[in-house]
């Protein structure tokens with residue numbers, strides 16, 4: 001019987017096995033496995049193992065460079081442009097973030113952009129890397145498919161262009177914001193389609209402005225930006241910072257990676273790292289952040305609200321729950337992964353069992 | 001007869017005169033007059049001359065340091081913390097932005113934060129300063145009154161905490177985003193109150209969650225964040241970046257400058273400057289930005305939409321219109337400024353005429 005819950009370790013192992021079978025070097029496969037499984041672990045279910053089959057399809061179509069030379073193309077004291085050489089995006093942004101952290105230690109803050117990268121999973125993965133160094137991480141990316149028209153338009157020239165921010169704390173859970181500039185990320189639409197569930201009203205509208213609820217009809221409509229014209233503006237600015245600034249695809253040049261598995265996406269992303277010690281004292285900063293979090297958590301609630309959440313708390317609780325009880329995957333996804341395992345001649349995820 | 005339209009120059013002159021009469025040094029007064037009048041010129045009517053009487057009240061109450069020593073308190077290669085010494089915020093952030101631009105020329109990008117600053121007008125004023133140097137400006141601030149509770153709460157621990165971004169272009173109007181992380185900025189609520197107009201539904205709700213439409217009852221409710229919990233998260237992160245990181249007021253510590261005209265606000269702001277040359281070539285960047293703008297402007301429109309706007313285009317058109325026809329001020333504001341002129345023994349704005 002195919003199980004429905006899988007351990008973090010087995011998801012990580014399965015992805016790593018698949019990447020190795022696809023021809024990705026072992027060390028790179030392990031890093032991709034870790035980062036993708038971390039996405040599922042934190043509940044970013046639109047960005048984890050659900051992407052494995054599409055990634056595999058792209059790799060098998062020759063759309064990814066498996067032996068890339070990811071290198072610094074341009075550099076100043078506080079900045080760098082990384083040429084991803086069409087590698088898996090996880091490898092590019094992991095390297096970019098490490099570089100930004102190193103630079104920020106000297107300069108106080110650093111900003112590293114990428115081009116010729118690819119989809120790299122949830123934005124928070126990279127912003128969170130700053131936390132281990134008691135630093136603040138900010139991440140911006142151009143989404144890999146345009147599902148957002150400019151405000152008042154119907155031509156889909158923009159993407160969900162996400163923003164992530166990670167803020168270190170002392171005893172409290174770190175603040176980790178990870179948000180699309182649209183009401184829903186397109187990964188969430190895909191997850192709804194996989195689960196066979198309708199979308200809530202407000203996520204998408206069709207070309208006549210009517211609500212679109214069936215995630216399988218998502219091609220017929222577009223995502224709505226947060227706050228109307230404000231979200232449109234935010235998506236545009238994030239896209240310019242992560243894309244145009246880095247000579248990466250933006251606007252009309254964005255390749256829809258759901259439809260085209262071969263063309264180089266020239267994905268652009270950016271990571272900014274800030275060292276709180278450059279502005280004050282990190283211990284005082286963490287004390288004040290904790291105090292702010294406590295003030296918010298203990299503040300008066302409205303009507304039916306049972307709890308006031310901080311950004312990052314829900315994913316933290318999911319991590320704990322998933323480590324204990326495993327990560328639930330929908331049946332359609334399990335079957336898709338079974339097929340992939342057969343195709344790649346690797347041990348199926350289902351056969352690995354829960355632990 | 002009191003006129004209703006006033007030239008940019010006369011608004012600038014009147015504010016400068018008022019500042020001098022209040023005891024602000026001449027050079028500082030001129031800079032404040034210029035920046036405040038620029039706010040009205042670009043249609044930021046919640047942040048221009050409408051703030052003169054409250055600023056005057058704060059100055060007369062001893063709430064502003066008129067002879068401040070605005071200095072760099074902490075500095076690394078790409079960062080600085082500016083101690084505003086409780087000066088007018090315009091002076092602090094003008095200096096902070098100049099410093100960030102200078103640093104970015106060497107390091108590729110720079111981030112300068114402030115504490116012990118004060119309200120500095122619309123966020124875009126400072127982000128826009130980058131444009132003269134062909135650079136990108138990003139601005140973040142802690143709002144000067146808490147009108148936003150955490151999502152699901154009713155304690156007003158957060159403010160409208162705005163974000164601005166300015167992106168250089170070649171032939172097109174520069175992209176300038178200037179947005180509160182709430183659906184409406186509180187300055188817009190004040191402007192509605194001055195004009196005697198109701199607020200649209202969706203700007204504010206009362207403590208029971210019902211829509212609040214009367215701007216004069218704004219004390220009884222709170223602003224709504226953009227995109228619900230996402231806007232709450234954005235406001236929180238912006239507040240930490242502009243406030244907590246700089247040792248400035250955030251959360252419970254924010255002084256409501258509408259009610260308290262004396263206590264030091266310890267306002268925090270931050271400006272980030274990015275040199276596109278650090279990531280590529282500025283001419284190519286401007287070419288690509290122009291192309292993106294043209295693609296958006298010329299894209300297909302929805303139903304009744306007559307024009308697709310880029311962020312910054314409306315304020316650009318207002319600048320042109322206001323330079324030609326003058327800036328309209330509401331009667332209540334004109335009367336308030338008349339009283340102020342009498343109190344300060346300066347020439348009233350109305351007497352200066354239209355040009």
Review point. Can you tell me which residues in segment B:290-320 are touching a helix residue (DSSP H, G or I) at 6+ places or on another chain (Cβ under 6 Å), under 18 Å from residue A:239 (Cα atoms) and in a helix (DSSP H, G or I)?
Key: B:292, B:295
Practice item. Please state which one of A:141, A:191, A:248 is more than 13 Å from every other protein chain (Cβ to nearest Cβ) and crowded, with 24+ Cβ neighbours inside 10 Å. Key: A:141
Check your understanding: In segment B:336-350, what residues are part of a helix (DSSP H, G or I) and loosely packed, with under 13 Cβ neighbours inside 10 Å?
Key -> B:339, B:342
Check your understanding: How many of the residues making up segment B:71-82 are in a loop (DSSP other than H, G, I, E, B) and surrounded by fewer than 22 Cβ atoms within 10 Å (Cβ to Cβ)?
Key -> 1
**Study point:** Matching residues in segment A:168-197 - criterion: being more than 17 Å from the chain's Cα centre (by Cα) and modelled with pLDDT of 95 or more
**Key:** A:168, A:169, A:170, A:171, A:172, A:173, A:174
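So in segment A:145-163, with the set limited to residues that are under 29 Å from residue A:67 (Cβ atoms) and buried (at least 24 other Cβ atoms within 10 Å of the Cβ), which one is nearest to the other protein chains (Cβ to nearest Cβ)? So that I can check it myself, show each step before the final result.
Applying the first criterion (under 29 Å from residue A:67 (Cβ atoms)) to segment A:145-163 yields A:145, A:159, A:162.
With the extra rule that they be buried (at least 24 other Cβ atoms within 10 Å of the Cβ), the set shrinks to A:159, A:162.
Numbers: A:159: 13, A:162: 11 Å.
Only one residue tops the list, namely A:162.
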Review point. Residue check, residue A:209 against (1) at the interface with chain B (Cβ under 7 Å from one of its Cβ atoms); (2) over 23 Å from residue A:138 (Cα atoms); (3) assigned to a helix (DSSP H, G or I), all met but one. Which one?
Key: (3)
Check your understanding: If you go through segment A:123-134, how many residues are in contact with a helix residue (DSSP H, G or I) (Cβ under 6 Å, 6 or more places away or on another chain) and either surrounded by 24 or more Cβ atoms within 10 Å (Cβ to Cβ) or within 11 Å of chain B (Cβ to nearest Cβ) (or both)?
Key -> 2
Review point. Residues in segment B:113-122: is at least one buried (at least 24 other Cβ atoms within 10 Å of the Cβ), free of Cβ contacts under 8 Å to residues at least 60 places away in the same chain and assigned by TED's automatic domain parsing to the domain that holds residue B:255?
Key: no
Check your understanding: If we scan segment B:171-182, do we find a residue that is touching a helix residue (DSSP H, G or I) at 6+ places or on another chain (Cβ under 7 Å), facing another protein chain (nearest Cβ under 8 Å), surrounded by 20 or more Cβ atoms within 10 Å (Cβ to Cβ) and within 22 Å of residue B:268 (Cβ to Cβ)?
Key -> yes
**Study point:** Sole residue being on the phi > 0 side of the Ramachandran plot and free of Cβ contacts under 8 Å to residues at least 60 places away in the same chain, chosen from A:102, A:85
**Key:** A:85
Exercise for review: Would you confirm whether any residue within segment A:277-287 is crowded, with 17+ Cβ neighbours inside 10 Å, within 23 Å of residue B:152 (Cα to Cα) and assigned by TED's automatic domain parsing to the domain that holds residue A:178?
Suggested key: no
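Taking the options B:212, B:234, name whichever one is outside the structural domain of residue B:284 (by TED's automatic domain parsing) and buried (at least 18 other Cβ atoms within 10 Å of the Cβ). Working first, answer last.
Details: B:234 fails: outside the structural domain of residue B:284 (by TED's automatic domain parsing).
Of the residues listed, the single one that is outside the structural domain of residue B:284 (by TED's automatic domain parsing) and buried (at least 18 other Cβ atoms within 10 Å of the Cβ) is B:212.
Looking only at segment A:146-184, count every residue that is part of a strand (DSSP E or B) and over 16 Å from residue B:227 (Cβ atoms) and tell me the total. Before the answer, list the steps.
Taking segment A:146-184 first, the residues part of a strand (DSSP E or B) are A:148, A:153, A:158, A:163-167, A:175-179, A:182.
Restricting the remaining residues to those that are over 16 Å from residue B:227 (Cβ atoms) gives A:153, A:166-167, A:175-176.
Qualifying residue count for the region: 5.
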Review point. Does segment A:53-62 contain any residue that is assigned to a loop (DSSP other than H, G, I, E, B), crowded, with 19+ Cβ neighbours inside 10 Å and not assigned by TED's automatic domain parsing to the domain that holds residue A:125?
Key: no
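For segment A:133-142, state whether one or more residues are over 20 Å from residue A:78 (Cα atoms) and touching a residue at least 40 places away in the same chain (Cβ under 8 Å). Reasoning before the result, please.
First, the residues of segment A:133-142 that are over 20 Å from residue A:78 (Cα atoms): A:142.
The next check asks that each one be touching a residue at least 40 places away in the same chain (Cβ under 8 Å); those that pass are A:142.
Yes, there is a match, as at least one residue in segment A:133-142 is over 20 Å from residue A:78 (Cα atoms) and touching a residue at least 40 places away in the same chain (Cβ under 8 Å).
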Practice item. Inspect segment A:259-276 for any residue being within 12 Å of chain B (Cβ to nearest Cβ), out of contact with any strand residue (DSSP E or B) (no Cβ under 6 Å at 6 or more places or on another chain) and not in a loop (DSSP other than H, G, I, E, B) and give the result as yes or no. Key: yes
Practice item. Take segment A:277-299 and flag every residue that is facing chain B (nearest Cβ under 7 Å) and over 18 Å from residue A:132 (Cβ atoms). Key: A:279, A:280, A:288, A:292, A:295, A:296, A:299
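Can you work out which of the residues in segment B:71-82 that are without any contact (Cβ under 8 Å) to a residue 60 or more places away in the chain and in contact with a strand residue (DSSP E or B) (Cβ under 6 Å, 6 or more places away or on another chain) is farthest from the other protein chains (Cβ to nearest Cβ)?
Residues of segment B:71-82 without any contact (Cβ under 8 Å) to a residue 60 or more places away in the chain: B:71-80, B:82.
Okay, now just the ones that are also in contact with a strand residue (DSSP E or B) (Cβ under 6 Å, 6 or more places away or on another chain), so B:71-74, B:78-80, B:82.
Working: B:71: 15, B:72: 12, B:73: 9, B:74: 6, B:78: 4, B:79: 3, B:80: 8, B:82: 10 Å.
The residue in question is B:71.
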Exercise for review: Within segment A:326-338, identify whether any single residue is in contact (Cβ under 8 Å) with a residue 40 or more places away in the chain, closer than 18 Å to residue A:137 by Cα, more than 9 Å from chain B (Cβ to nearest Cβ) and out of contact with any helix residue (DSSP H, G or I) (no Cβ under 6 Å at 6 or more places or on another chain), and answer yes or no.
Suggested key: no
Exercise for review: Look at residue A:227 and say whether it is under 23 Å from residue A:209 (Cβ atoms), free of Cβ contacts under 8 Å to residues at least 40 places away in the same chain and either more than 10 Å from chain B (Cβ to nearest Cβ) or surrounded by 18 or more Cβ atoms within 10 Å (Cβ to Cβ) (or both).
Suggested key: yes
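Looking only at segment A:308-325, count every residue that is more than 8 Å from chain B (Cβ to nearest Cβ) and more than 21 Å from the chain's Cα centre (by Cα) and tell me the total.
Our first condition is that a residue be more than 8 Å from chain B (Cβ to nearest Cβ); within segment A:308-325, this holds for A:312-325.
If we keep only those that are more than 21 Å from the chain's Cα centre (by Cα) as well, we get A:324-325.
Of the residues in segment A:308-325, 2 are more than 8 Å from chain B (Cβ to nearest Cβ) and more than 21 Å from the chain's Cα centre (by Cα).
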Check your understanding: Only one of (1) out of contact with any strand residue (DSSP E or B) (no Cβ under 8 Å at 6 or more places or on another chain); (2) within 12 Å of chain A (Cβ to nearest Cβ); (3) more than 21 Å from residue A:270 (Cβ to Cβ); (4) surrounded by fewer than 17 Cβ atoms within 10 Å (Cβ to Cβ) fails for residue B:305. Which number is that?
Key -> (1)
Point to revise | Any hit, segment B:231-242, residues being more than 20 Å from the chain's Cα centre (by Cα) and part of a helix (DSSP H, G or I) | key: yes
Revision key, fill the gap. Looking across segment A:83-112 at residues that are at the interface with chain B (Cβ under 10 Å from one of its Cβ atoms) and in a strand (DSSP E or B), the single one that is surrounded by the most Cβ atoms within 10 Å (Cβ to Cβ) is A:111
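The values are calculated or read from the model by the stated rules, or taken from the named source; none is laboratory data. All figures in this text were calculated on a predicted structure; none of them were measured in a lab. Backbone-built Cβ (ideal geometry, glycine too); neighbour counts: all protein chains shown.
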